[in-house]
Amino acid sequence: MPTGTPSESWDEPWAVVIARYSGLARAARSGQEITDSSPDAFEAGCFGAAGYGDTSELPDGAVRASLGCGNPVAVAQLHPGETVLDLGSGGGIDVLLSARRVAPSGKAYGLDGSPDMIALARDNAAQA
């Protein structure tokens, strides 16, 4: 864990993470393929959209920007009327899937540190 005050030691790692995910979000919004430093892990179905079943009804940008390490919606027991908060929500794939389960009276929120990912998620929500 970083030491010192957040302004002394946390700014640089935070900026690196935000810059990386912002670049990935911009690529997804422009229709580019998203690649990661470990393509073998993605091909093996360990990360990203490969961990989900049917994504055919989701916006392409949400699927393309899915960089997560699992499908929490597959194991969550979500019911109509519940509220979901997805931390590090990226392009919004889990928020969109959760929203379907908690509808019509529930809410699904996504929180991300990258303004570009938030913009991508908003685009995807509008399409969904």
Checklist entry - Inside the stretch 89-120, can you point out the residues that are open to solvent by 60 Å² or more (accessible area, probe 1.4 Å), part of a helix (DSSP H, G or I) and in contact with a helix residue (DSSP H, G or I) (Cβ under 8 Å, 6 or more places away or on another chain)? => result Arg101, Pro115
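Return the total of residues in the stretch 59-86 being outside any loop (DSSP other than H, G, I, E, B) and either touching a Cys at 6+ places or on another chain (Cβ under 8 Å) or modelled with pLDDT of 90 or more (or both). Before the answer, list the steps.
Filtering the stretch 59-86 for residues outside any loop (DSSP other than H, G, I, E, B) gives 60-64, 72-75, 83-86.
So of that shortlist, the ones also either touching a Cys at 6+ places or on another chain (Cβ under 8 Å) or modelled with pLDDT of 90 or more (or both) come out as 83-86.
Result for the stretch 59-86: 4.
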Checklist entry - Hey, among Asp86, Asp123, which residue is buried (at least 22 other Cβ atoms within 10 Å of the Cβ) and closer than 28 Å to Trp14 by Cβ? => result Asp86
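Condition check ((1) at pLDDT 85 or above; (2) under 18 Å from Asn71 (Cα atoms); (3) open to solvent by 50 Å² or more (accessible area, probe 1.4 Å); (4) touching a Cys at 6+ places or on another chain (Cβ under 8 Å)) across all residues:
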position	(1), (2), (3), (4)
Leu24	no, no, no, no
Gly31	no, no, no, no
Ile34	no, no, no, no
Pro39	no, no, yes, no
Phe42	no, yes, yes, no
Thr55	no, yes, no, no
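The values are calculated or read from the model by the stated rules, or taken from the named source; none is laboratory data. In this text, all values refer to a predicted model and were calculated from it rather than measured experimentally. Neighbour counts are summed over all protein chains in view; Cβ atoms, including those assigned to glycine, are modelled from backbone coordinates with ideal geometry. Side chains are part of the model used for accessible areas, which takes the heavy atoms of the whole protein and leaves out ligands, DNA and RNA. Shrake-Rupley method; radii C 1.70, N 1.55, O 1.52, S 1.80 Å.
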